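One structure below.
The values are calculated or read from the model by the stated rules, or taken from the named source; none is laboratory data. Everything quoted here is computed from the prediction, not taken from an experiment. In this analysis, Cβ positions are derived from the backbone assuming ideal geometry, glycine residues included, and neighbour counts consider all displayed protein chains.
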Amino acid sequence: MEFIERIISNSKKLHKRIVLPESFEERTIRAADQILEKEIADIILIGNRDELLKFASKQGLRNIERARIIDPAGFDKKDEYAEKMAEMRKSKGLTKEQALKLLDDPLYLATMLIKFKEADGEVAGAMNATGDVLRPAFQFIKTLPGITVVSGVFFMLLRDKDFGENGILVFADCAVHPDPTEQELAEIAVTTAKTTRAIGGFEPRIAMLSFSTNGSAKHALCDKVINATRIAKDLDPTLEIDGEMQADAAIIESIGKKKFPNSKMAGKANVLIFPDLQSGNISYKLVQRLAQAEAIGPVLQGLAAPINDLSRGCSVDDIICMTAITAAQAGGK
Ligand code: ACO
């Protein structure tokens, strides 16, 4: 809980404008109400103002009036936005008419509000699939300079405080990019280091995971991890990173020392980079269930502005937490 409380308390100081486009979704409107009441962020909702206020009042919510509410039907910048969108996606054949239609979709409108600096970040996914939340962001927000790939991090809060950083392990990519190249895997490591500092508040010690440690097995899949480690070191020579290594060599000191004696951080990793999305997604779910760890995420990284995707099974508290994380990302803290 300490971890989440720190992020929420930090986001209160930032006053970031976060858009929650799934505004007619019950958990989302409840979360918006609490976020406004506790002043965790400024909230932008999308929909008809009267209908939205009626929806909120039916549930006994009293703070929604304090949100900025944008109705796609009467939005005065729609024409200007559509023109700019068509210009941005000219090479993909997007016309202004098609862009106007896209702006009726709250997920696209939310993304464009960020693009044109009317909002600082977005949280969605309580009722939409990952791809539907991410596609507008991929198309219009794009990636940070020097980064080509968006990925998703989980902060795993473990019961056993001996692992990672006082019981916190950062896992990536567990959410977005199915089969990264070695260059992309290196970028994921570098971006995860930044997210670890910004959201976790600690210095990353990164293990590049494989089924082999320090050359114990020979396979093209291990070579990919070895090469990605080398590229990551080139991209950021200050990184504390090693690989390829197995998960036990990464997180258990005695095994790290034995299997990878020339590594300073083997056995002490607080960040685990998985070789692909299958291994990352499977691992976070197993640790969450078998070790009863709290999984905070996915926190999306690599986008030029923060947009975060919820699980469709999320709770009101999850939406509040993700809004605070999004505000922290927007604040660069
Ligand atoms: N980073 C940056 N840009 C990307 C990425 C990425 N990881 N993936 C796709 N893009 C860009 C493409 O370059 C393309 O840009 P362009 O239109 O300007 O040329 C655009 O996004 C669309 O690309 P597509 O390949 O058509 O992407 P698509 O929409 O088909 O797929 C998606 C993207 C949905 C994210 C896909 O990679 C995917 O399904 N990933 C897995 C998501 C998932 O199911 N995760 C597990 C569940 S989440 C959980 O358990 C927490």
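Here are the numbers:
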| item | result |
| --- | --- |
| Residue among Glu26, Glu5, Glu51 that alone is of a type outside the set (S, T, N, Q), out of contact with any strand residue (DSSP E or B) (no Cβ under 9 Å at 6 or more places or on another chain), over 20 Å from Asp120 (Cβ atoms) and at pLDDT below 95 | Glu5 |
| Residue that is farthest from Ala56 (Cα to Cα), among those in the range 67-81 that are in a helix (DSSP H, G or I) and within 27 Å of the chain's Cα centre (by Cα) | Tyr81 |
| The listed residue being under 20 Å from the mean Cα position of the chain (by Cα), within 16 Å of the ligand (Cβ to nearest atom) and in a strand (DSSP E or B), out of Phe138, Phe155 | Phe155 |
| Conditions (1) among the acidic types (Asp, Glu); (2) surrounded by fewer than 20 Cβ atoms within 10 Å (Cβ to Cβ); (3) touching a residue at least 60 places away in the same chain (Cβ under 8 Å): number failed by Glu184 | (3) |
| Sole residue being in the same structural domain as Gln278 (by TED's automatic domain parsing), in a helix (DSSP H, G or I), hydrophobic (A, V, I, L, M, F, W, C) and within 16 Å of the ligand (Cβ to nearest atom), chosen from Ala189, Ala175, Ala249, Ala193 | Ala189 |
| Every residue from the range 290-314 that is more than 18 Å from Thr130 (Cβ to Cβ) and away from the ligand (no atom under 13 Å from the Cβ) | Leu290, Ala291, Gln292, Ala293, Glu294 |
| Pairs where the first residue, in the range 96-116, is assigned to a helix (DSSP H, G or I) and the second is polar (S, T, N, Q), C-beta under 9 Å, 6+ apart | Pro106/Ser23; Leu107/Asn128; Tyr108/Gln139; Thr111/Gln139 |
| The range 71-90, subset small (Gly, Ala, Ser) and modelled with pLDDT of 95 or more, residue nearest to the ligand (Cβ to nearest atom) | Ala86 |
| Members of the range 9-36 that are part of a helix (DSSP H, G or I) and not aliphatic (A, V, I, L, M) | Ser9, Asn10, Ser11, Lys12, Glu26, Arg27, Thr28, Arg30, Asp33, Gln34 |
| Pairs where the first residue, in the range 196-220, is assigned to a helix (DSSP H, G or I) and the second is small (Gly, Ala, Ser), C-beta under 8 Å, 6+ apart | Ala198/Ala328; Ala198/Gly332; Ile199/Ala328 |
| Some residue of the range 217-229 being within 16 Å of the ligand (Cβ to nearest atom) and either small (Gly, Ala, Ser) or over 25 Å from Thr323 (Cα atoms) (or both) | yes |
| Test: residue in the range 179-186 that is in contact with a strand residue (DSSP E or B) (Cβ under 6 Å, 6 or more places away or on another chain) and either part of a helix (DSSP H, G or I) or not β-branched (Val, Ile, Thr) (or both) | no |
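Listed here are the residues, each with its yes/no results for (1) surrounded by fewer than 20 Cβ atoms within 10 Å (Cβ to Cβ); (2) modelled with pLDDT of 95 or more; (3) within 15 Å of Ile188 (Cβ to Cβ); (4) of a type in the set (Ser, Thr, Tyr).
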{"position": "Ile231", "(1), (2), (3), (4)": "yes, yes, yes, no"}
{"position": "Asp242", "(1), (2), (3), (4)": "no, yes, no, no"}
{"position": "Gln246", "(1), (2), (3), (4)": "no, yes, no, no"}
{"position": "Ile255", "(1), (2), (3), (4)": "yes, yes, no, no"}
{"position": "Lys258", "(1), (2), (3), (4)": "yes, yes, no, no"}
{"position": "Asn270", "(1), (2), (3), (4)": "no, yes, no, no"}
{"position": "Ile273", "(1), (2), (3), (4)": "no, yes, yes, no"}
